[in-house]
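**Student:** Right, I'll just put the structure down here and ask away after.
The values are calculated or read from the model by the stated rules, or taken from the named source; none is laboratory data. All of these numbers come straight from a predicted model, not from anything done at the bench. FYI the Cβ positions are ideal-geometry reconstructions off the backbone, even for glycines, and counts take in every protein chain you see. Heavy atoms of the whole protein, side chains included, go into the accessibility calculation; ligands, DNA and RNA do not. Shrake-Rupley method; radii C 1.70, N 1.55, O 1.52, S 1.80 Å.
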Amino acid sequence: MKNIKSCLLIILLLVFTGQACTSDFEEINTNPNSPVEAPITNVLGYVLEDFAFYYFGPLGDMSEPSTYSGQLGKLQYIDDAKYVFTSTNINTLWTVVYRDLKNAQAIIDQADKTGSANMKAVGLTLQAYILQVATDRWRDIPFSEAFKGDAGYITPKYDTQETIYPAIIAQLKTAADLFAAGGTDVLGDGDLLYGGDVKKWQKFCNSLRLRVAIRISNVSPATAQPIIEEIASSATTYPVLASNADNALLNWPGSSPYIEPWNSNFMTRDDHGPSNTLINKLKELADPRISVYAKPAPSDGEYRGVEVGPPTSPIISLYSRVGVKFREDATGFSPFMRYSEILFIMAEAAQKGWNVGGSTAETLYKAAVTASLNENGIADATVISTYLAGSGVKWDNTTNKLYTQKWLSLFKNGQEAWAESRRTDVPLLPAATGSPFTGHTRPPFRYPYPPTETTLNSGNSASFIAEITDNFWGKKMWWDTRTGVQ
């Protein structure tokens, strides 16, 4: 990552200047309006860093998805957790999604031109990942016309989530088969996620296929089951994350401006703490991760979580702060995906009676919990076995414990924790008591559309905006099958 820091700083200028980061900084393109002329590995590095900075940082995660999911609360400037949003932030996050989707398309297109099968598979995987995050945040969004500005699609139509998910599934299958075919091209220094290890990208791709399949498993089991069973029965062709060493973590260099986003926030702010929902659950389960996820409250040394979105600002000395590992390491990580998530997915599939290769739901569940504990530095076999045998953790063939443990394992990935809490209703989360929007029984179903879509793309966005209630509720995600919630 250090080798390309200067490259990443100027990739944004490519659209306007046509310059790329090469050994002699020479101009290399003939089209000043297309980033496709940049070295393909530099574009990859830019997309990874740009998306991680915004979507795993304070703007895109800590203050909203992580609070909507019940994992974090706000100690100061609590409006975000009460669903009082800032329009400029939403505009920024929307822009980042389409900037990075477009640049991922540039990777795919350039890989096609050069016959770079591995890089094309990586571009397809990364674009599918970003699209999944975006649709799970906004639901219905522009996609099929979103990258066709050169063809005259200045105001792209909206695609429904019901059509976007099949597109993601198909794209990941294409990438999976490209990986399986075995390309020979290298990914270069721009691979900030896996350091050029194509095999790990292959595992990441198939693991994403599992994620999107389980996400729609309650609304479209006929689509989800064959995907999971195909992957489970074809470990050589479609490998998945197989240990914590395969975790898709972007590790930050730790020097400005490439500092892990939660740590960058920690250096100047004291706005966030673990939620009361999270801390109470960890206490209830006698969970050894509590000292990793949180620090004791300054006032009395007790672990105490803050309410999510209270009516008034709390007395901050009374509440825990986020643990050192997650917030006080400049060289920390942004978690795109973890091994434990894959095991939880397979455990759920096995519990549904689907063929996952012979392993039982109980075996996979225990392995998933163990993987999360190991990831967080808890390796003592006695501690782990004691925890697994606890009444609140011991396998009982119900989804509640499985969903609870998966939610706990997703700490620091608020986007996924929020999606899972909407899909499963575990943990059962109330709407913020301090919210100005009354009458709602759950945290937000969705994210507000940016104001620019009303002003610049009203012809396509108006009918979708009309389906929203109080900016955050109304039409649920396609895969959100909960009833009686509002």
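**Student:** Take region 395-411 and flag every residue that is assigned to a helix (DSSP H, G or I) and either basic (Lys, Arg) or open to solvent by 10 Å² or more (accessible area, probe 1.4 Å) (or both).
**Tutor:** THR399, ASN400, LYS401, TYR403, THR404, LYS406
**Student:** So, of the residues in region 106-129 that are among the small types (Gly, Ala, Ser) and closer than 17 Å to GLY196 by Cα, which turns out to be surrounded by the fewest Cβ atoms within 10 Å (Cβ to Cβ)?
**Tutor:** ALA117
**Student:** Give all pairs with beta carbons closer than 6 Å in which a residue from region 122-151 that is farther than 19 Å from SER66 by Cα and touching a residue at least 60 places away in the same chain (Cβ under 8 Å) meets a residue that is open to solvent by 10 Å² or more (accessible area, probe 1.4 Å) and assigned to a loop (DSSP other than H, G, I, E, B); count only pairs at least 6 apart in sequence or on separate chains.
**Tutor:** Close Cβ pairs (under 6 Å, with a partner that is open to solvent by 10 Å² or more (accessible area, probe 1.4 Å) and assigned to a loop (DSSP other than H, G, I, E, B)) amount to ASP140/THR160; PRO142/PRO156.
**Student:** Have a look at LEU408, LEU318, LEU343, LEU429 and point out the one that is touching a Leu at 6+ places or on another chain (Cβ under 8 Å), modelled with pLDDT of 95 or more and closer than 19 Å to HIS272 by Cα.
**Tutor:** Going through LEU408, LEU318, LEU343, LEU429 in turn, the sole match is LEU408.
**Student:** Name the residue, out of GLY309, GLY392, that is modelled with pLDDT of 95 or more, in contact with an Asp or Glu (Cβ under 9 Å, 6 or more places away or on another chain) and surrounded by fewer than 20 Cβ atoms within 10 Å (Cβ to Cβ).
**Tutor:** Every option except GLY392 fails the conditions.
**Student:** Just the residues that are charged (D, E, K, R) and out of contact with any Leu (no Cβ under 6 Å at 6 or more places or on another chain), please, taken from region 47-81.
**Tutor:** Once the filter is applied, which keeps residues that are charged (D, E, K, R) and out of contact with any Leu (no Cβ under 6 Å at 6 or more places or on another chain), region 47-81 yields ASP50, ASP61, GLU64, LYS74, ASP79, ASP80.
**Student:** Here's another thing I want to ask about it. Scanning for something over 16 Å from SER116 (Cβ atoms), small (Gly, Ala, Ser) and surrounded by fewer than 22 Cβ atoms within 10 Å (Cβ to Cβ), does region 150-159 turn up at least one residue?
**Tutor:** Within region 150-159, one or more residues are over 16 Å from SER116 (Cβ atoms), small (Gly, Ala, Ser) and surrounded by fewer than 22 Cβ atoms within 10 Å (Cβ to Cβ).
**Student:** Okay, moving on. Taking the residues in region 281-306 that are open to solvent by 70 Å² or more (accessible area, probe 1.4 Å) and more than 19 Å from ASN265 (Cβ to Cβ) as candidates, determine which candidate is nearest to the chain's Cα centre (by Cα).
**Tutor:** Taking the candidates together, the pick is SER291.
**Student:** Could I ask something else about it? Based on this model, can you work out whether ASP329 counts as within 24 Å of the chain's Cα centre (by Cα) and open to solvent by 10 Å² or more (accessible area, probe 1.4 Å)?
**Tutor:** Yes.
**Student:** What are the residues in region 44-88 that are over 27 Å from THR433 (Cβ atoms) and open to solvent by 30 Å² or more (accessible area, probe 1.4 Å), if any?
**Tutor:** Across region 44-88, the qualifying residues are PHE53, TYR54.
**Student:** Which residues, taken from region 32-70, are touching a strand residue (DSSP E or B) at 6+ places or on another chain (Cβ under 6 Å) and in a loop (DSSP other than H, G, I, E, B)?
**Tutor:** Within region 32-70, PHE56, GLY70 qualify.
**Student:** Among the residues of region 443-459, which ones are touching a residue at least 24 places away in the same chain (Cβ under 8 Å) and in contact with a helix residue (DSSP H, G or I) (Cβ under 8 Å, 6 or more places away or on another chain)?
**Tutor:** PRO443, PRO444, PHE445, ARG446, TYR447, PRO448, TYR449, PRO450, PRO451, THR452, GLU453
**Student:** Pairs under 9 Å by beta carbon, first residue closer than 23 Å to GLY323 by Cα and of a type in the set (Phe, Trp, Tyr) in region 374-395, partner open to solvent by 40 Å² or more (accessible area, probe 1.4 Å) and part of a loop (DSSP other than H, G, I, E, B), six or more apart or different chains?
**Tutor:** TYR387/ALA286
**Student:** Which count do you get for residues in region 412-467 that are more than 24 Å from LYS74 (Cα to Cα), open to solvent by 20 Å² or more (accessible area, probe 1.4 Å), of a type outside the set (Gly, Ala, Ser) and assigned to a loop (DSSP other than H, G, I, E, B)?
**Tutor:** Of the residues in that region, 1 qualify.
**Student:** Where the second residue is exposed (fewer than 14 other Cβ atoms within 10 Å of the Cβ) and of a type in the set (D, E, K, R) and the first is touching a residue at least 40 places away in the same chain (Cβ under 8 Å) and lies in region 466-486, which pairs have Cβ atoms under 7 Å and are six or more apart or on separate chains?
**Tutor:** LYS475/GLU467
**Student:** Okay, moving on. Look through ASN91, ASN103 and report the one residue that is in contact (Cβ under 8 Å) with a residue 12 or more places away in the chain, closer than 13 Å to LEU48 by Cα and open to solvent by 10 Å² or more (accessible area, probe 1.4 Å).
**Tutor:** From the options ASN91, ASN103, the qualifying one is ASN103.
**Student:** Continuing with this model, one more query. Kindly indicate the residue of region 299-349 that is in a loop (DSSP other than H, G, I, E, B) and β-branched (Val, Ile, Thr) and also farthest from PRO430 (Cα to Cα) among those meeting that condition.
**Tutor:** THR331
The rows are residues; the columns are (1) surrounded by fewer than 14 Cβ atoms within 10 Å (Cβ to Cβ); (2) among the acidic types (Asp, Glu); (3) under 30 Å from PRO314 (Cβ atoms).
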site	(1), (2), (3)
GLU229	no, yes, no
PRO239	no, no, no
ASN244	no, no, no
PRO261	no, no, yes
ASN265	no, no, yes
GLY273	no, no, yes
ASN276	no, no, yes
ILE279	no, no, yes
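**Student:** So, LEU318, is that one open to solvent by 30 Å² or more (accessible area, probe 1.4 Å) and of a type outside the set (Gly, Ala, Ser) or not?
**Tutor:** In short, yes.
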